[in-house]
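A.B. asks: Please find one structure pasted underneath; my questions will follow.
Where a number appears in this text, it was derived from the coordinates with a stated rule and is not lab data. Note that the structure is a prediction, hence the values are computed from the model and not measured. Note that each Cβ is placed from the backbone with ideal geometry, even for glycine, and that neighbours are counted across all protein chains shown.
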């Protein structure tokens with residue numbers, strides 16, 4: 001597979017990119033009610049990054065710069081450089097870039113993005129062929145797949161316009177879709193390079209992906225979703241992990257055991273059920289064709305779904321999701337954080353209460369049986385959160401420095417445990433016993449890291465073991481959790497690998 005060098009584009013302060021944006025113009029955005037006028041056409045392109053680690057730079061790309069090709073003898077003017085704008089209205093990390101453009105032939109220049117104080121470009125110009133924009137018509141350009149690989153390289157594939165992208169078009173831009181239904185649809189110019197990238201696309205299903213919603217269900221097994229329709233699970237009492245592909249390019253946010261099978265939810269109303277251990281999947285009627293972020297089965301057997309649409313969370317309940325019958329329970333606003341703008345919401349469940357911890361420190365829980373809504377706040381931005389079996393909430397928070405907070409009353413009050421600001425992952429067995437990936441003897445700088453343990457609720461810590469893959473730096477560990485079935489420590493690494501320790505980190509074995 002052909003690889004591109006990441007170092008060639010990921011770099012700070014790209015003045016040339018900024019000047020290119022200033023010199024051009026932003027294409028007229030396409031809204032829900034936007035229709036084509038007599039002077040323009042519509043362009044839609046989907047981009048999916050299949051990175052194995054969280055924080056992949058391509059996930060924060062905000063626009064794509066394209067150029068109108070001038071006829072021979074004519075000079076390029078500022079208005080010929082146009083920016084397509086990204087939306088994630090119904091998705092998690094998948095991006096749809098779109099805009100209304102004047103008719104003509106266009107080529108791709110680059111994509112730009114921002115992460116913290118870094119501005120960078122992605123050399124999309126060498127990856128896609130040109131295309132035509134025609135008055136009154138839609139240019140549906142397909143899906144660009146980006147797969148980062150170890151080091152500073154990435155592989156690029158392409159999926160031509162398919163039924164799934166057309167459904168995305170219908171969901172995001174209903175007025176435009178209705179106006180242009182039955183009319184010609186333009187796409188990228190066919191070339192040998194585009195054919196090669198199309199042939200690469202199926203192989204992306206075999207590559208590592210980010211693990212989403214990794215959690216242990218009340219029945220004891222572990223379940224998780226992933227990028228481009230992938231899921232994995234390990235039922236209670238089993239040592240072997242199972243993997244499956246839902247037959248979609250959409251991202252799966254949540255996977256749970258349900259009615260003797262498996263139910264998965266994700267982007268754009270993705271809701272599918274398998275009764276045969278993941279061999280086949282049946283599409284179910286979702287409560288809303290938006291981002292299904294969380295699915296939880298209540299002690300009574302009812303299913304609760306937390307759905308995000310246009311900055312609003314809605315909780316839905318169903319006595320039997322296989323029949324497609326849903327009822328609205330409650331709704332609340334989604335909250336972002338300026339301090340940790342890259343953070344995504346974290347699902348939390350305590351008994352019959354299903355909730356979400358948002359990056360700005362807000363927590364909201366909906367009772368799946370009664371629909372009662374409870375909201376509170378840590379008062380600090382959140383980097384992570386978890387719930388213990390007894391309802392105790394743990395939050396990794398940051399205001400000026402990073403620390404850990406504990407709440408024993410569903411978030412009404414919080415106690416600062418004053419853990420080292422260098423802690424990167426933490427897991428509590430109960431209110432007293434905890435483990436953390438943390439410095440062994442921190443000072444002004446963290447120094448060497450190890451697996452640290454506390455027996456007194458986080459007041460004191462002592463080294464109990466080593467890091468999952470050896471060494472003294474914590475960069476590999478994304479999440480640390482406790483297997484409630486046997487008390488083992490489970491570490492989710494940034495590359496998607498799972499490591500297990502039954503002796504407090506003295507030894508680790510590969511779990512997946």
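A.B. asks: At a Förster distance of 60 Å, what's the computed FRET efficiency of residue 322 paired with residue 195, Cβ-Cβ distance as r, to 0.05? Provide the component values of the computation, followed by the final result.
C.D. replies: Details: r = 41 Å, r/R0 = 0.68.
Here the calculated transfer efficiency is 0.90.
A.B. asks: Helix-derived [θ] at 222 nm for the chain: sum -39500 (n - 2.57) over DSSP H runs of at least 4, divide by residue count, nearest 500?
C.D. replies: Details: 4 runs with 35 residues, N = 512.
Computed ellipticity for the chain at 222 nm equals -2000 deg cm²/dmol.
A.B. asks: Additional query: If each residue of separation counts as 0.36 nm, what is the full-extension length gain between residue 107 and residue 187 once their alpha-carbon separation is subtracted? Could the numbers behind the result be given before it?
C.D. replies: Numbers: separation 80, 0.36 × 80 = 28.80 nm, distance 1.22 nm.
27.6 nm is the gain from fully extending residue 107 to residue 187.
A.B. asks: Using 0.36 nm times the number of residues separating residue 372 and residue 35, minus their current alpha carbon distance, what extension gain do you get?
C.D. replies: Working: separation 337, 0.36 × 337 = 121.32 nm, distance 4.04 nm.
In short, 117.3 nm is gained.
A.B. asks: Which of the following values of Cα extents along the principal axes in Å was calculated from the structure shown: (i) 70, 61, 44; (ii) 77, 54, 40; (iii) 71, 55, 50?
C.D. replies: (ii)
A.B. asks: Further question: Multiplying the sequence separation of residue 118 and residue 433 by 0.36 nm and subtracting their Cα-Cα distance, what value in nm do you get?
C.D. replies: On the way: separation 315, 0.36 × 315 = 113.40 nm, distance 3.91 nm.
Here the answer is 109.5 nm.
A.B. asks: Ok, one more. How far, in degrees from 0 to 90, does helix 163-172 lean away from the longest principal axis of the Cα atoms of the chain, to the nearest 10?
C.D. replies: 90
A.B. asks: At a threshold of 8 angstrom on Cα-Cα distance, excluding pairs fewer than six apart, so keeping six or more, what relative contact order does region 39-142 reach in percent?
C.D. replies: Numbers: 221 pairs, mean separation 41.2, N = 104.
RCO, region 39-142: 40 percent.
A.B. asks: Starting from the Cα of residue 206, step 7 Å along the direction of its Cβ; do the same at residue 488; then give the gap between the two resulting points in nm.
C.D. replies: 2.8
A.B. asks: Before anything else, pin down the relative contact order of region 391-512: Cα pairs under 8 Å, at least 6 apart, normalised by residue count, whole percent. All intermediate terms of the calculation are to be shown ahead of the outcome.
C.D. replies: Working: 279 pairs, mean separation 18.9, N = 122.
Relative contact order, region 391-512: 15 percent.
A.B. asks: Rounded, prolate or oblate: which fits region 419-512, taking a ≥ b ≥ c as square roots of the Cα gyration tensor eigenvalues, rounded meaning a/c under 1.5, else prolate when a/b beats b/c?
C.D. replies: On the way: a/c = 1.82, a/b = 1.15, b/c = 1.58.
Note, shape of region 419-512 comes out oblate.
A.B. asks: If each of residue 245 and residue 79 carries a label point 7 Å out from its Cα toward its Cβ, how far apart are those two points in nm?
C.D. replies: 4.6
A.B. asks: Rounded to the nearest 0.05, what FRET efficiency do residue 309 and residue 135 give with R0 = 41 Å and r taken as the Cβ-Cβ distance? Could you check? Don't skip to the end; give the middle numbers.
C.D. replies: Values: r = 32 Å, r/R0 = 0.79.
My answer for the efficiency is 0.80.
A.B. asks: Relative contact order (percent) for the chain, with alpha-carbon contacts under 8 angstrom and 6 or more residues of separation?
C.D. replies: 9
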